[in-house]
Amino acid sequence: MRVYVPLTLPGLAEAHRTGKLGSGPLVAYAVTPALREWYLSDDIEELEYAALSRAALASLRQLAAGEPGALRRRVVVAVDVPDGTAMPDPDRGLDPAALGEVRVTGPVPLAKAAAVHVDAADAETDVAAAITALRAADDGDDDAQFVVDGAEDHELLWYATQEIPALVGLA
């Protein structure tokens with residue numbers, strides 16, 4: 001099963017250093033039944049993109065909660081995990097905040113990563129603004145949501161796993 005793990009550049013550097021994305025349980029995003037129902041599509045590529053987008057928002061939240069000096073770039077690692085190791089929380093159902101969210105049990109080796117998705121440098125200003133507006137957007141402020149959406153308008157760039165050492169050199 002393909003899952004999308006939200007990180008930051010310092011988190012990616014740590015994963016590169018240790019060789020694993022976490023010891024589990026790990027929060028990730030995937031094509032879940034709730035995401036399928038919400039997105040109303042059977043196109044797997046569209047659904048995978050929706051899961052990636054949910055992970056990018058979670059990365060934004062990690063940036064908001066994390067190191068103030070870290071580069072303001074969202075990071076998502078696409079990784080394949082064995083079926084049955086990534087499960088949605090059945091109690092959250094169609095909770096909009098939990099769409100596509102799964103818990104991955106056990107350690108996730110970085111070697112299982114298929115790709116890394118990272119913001120380009122030109123997204124940093126919008127990502128920084130979104131971090132500042134995130135709390136107000138969560139409280140229903142439409143203007144703040146517009147600012148958060150501005151960061152989401154930036155497409156994450158695709159990187160091969162062999163490029164991780166160069167990416168963590170940015171951190």
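The values are calculated or read from the model by the stated rules, or taken from the named source; none is laboratory data. Note that this is a predicted model, so its numbers are computed, not measured. Reconstructed Cβ throughout: ideal geometry from the backbone, glycine too, with neighbour counts over all protein chains shown.
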S59 assigned to a helix (DSSP H, G or I), within 15 Å of L167 (Cβ to Cβ) and of a type in the set (S, T, N, Q): yes
Qualifying residue in the range 88-95 (condition: small (G, A, S) and at pLDDT 85 or above): no
Criterion violated by A114 - all others in (1) assigned to a helix (DSSP H, G or I); (2) loosely packed, with under 15 Cβ neighbours inside 10 Å satisfied: (1)
Which numbered condition L167 misses (of (1) surrounded by 15 or more Cβ atoms within 10 Å (Cβ to Cβ); (2) at pLDDT 95 or above; (3) in contact with a strand residue (DSSP E or B) (Cβ under 7 Å, 6 or more places away or on another chain)): (2)
Odd one out for R73 among (1) free of Cβ contacts under 8 Å to residues at least 60 places away in the same chain; (2) farther than 20 Å from V108 by Cβ: (1)
Any hit, the range 88-99, residues being outside any loop (DSSP other than H, G, I, E, B) and under 14 Å from the mean Cα position of the chain (by Cα): yes
Qualifying positions in the range 83-114 - farther than 22 Å from A15 by Cβ and among the basic types (K, R): R92
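Can you go through E67, E37, E46 and tell me which one is of a type in the set (D, E, K, R), touching a residue at least 40 places away in the same chain (Cβ under 8 Å), in a helix (DSSP H, G or I) and surrounded by fewer than 21 Cβ atoms within 10 Å (Cβ to Cβ)?
Details: E67 fails: in a helix (DSSP H, G or I); E46 fails: touching a residue at least 40 places away in the same chain (Cβ under 8 Å).
Only one candidate passes the filter, namely E37.
Has the range 107-120 got any residue that is among the acidic types (D, E) and more than 15 Å from the chain's Cα centre (by Cα)? First the steps, then the outcome.
Initially, the range 107-120 is screened for residues among the acidic types (D, E), giving 119.
With the extra rule that they be more than 15 Å from the chain's Cα centre (by Cα), the set shrinks to none.
No, the range 107-120 has no match at all.
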Failed criterion for L9 (all others in (1) under 13 Å from V75 (Cα atoms); (2) in contact with a Gly (Cβ under 9 Å, 6 or more places away or on another chain) hold): (2)
Yes/no for A56 being under 21 Å from E152 (Cα atoms), surrounded by 14 or more Cβ atoms within 10 Å (Cβ to Cβ) and of a type in the set (G, A, S): yes
Where D126 falls short, out of the listed (1) touching a strand residue (DSSP E or B) at 6+ places or on another chain (Cβ under 8 Å); (2) crowded, with 17+ Cβ neighbours inside 10 Å: (1)
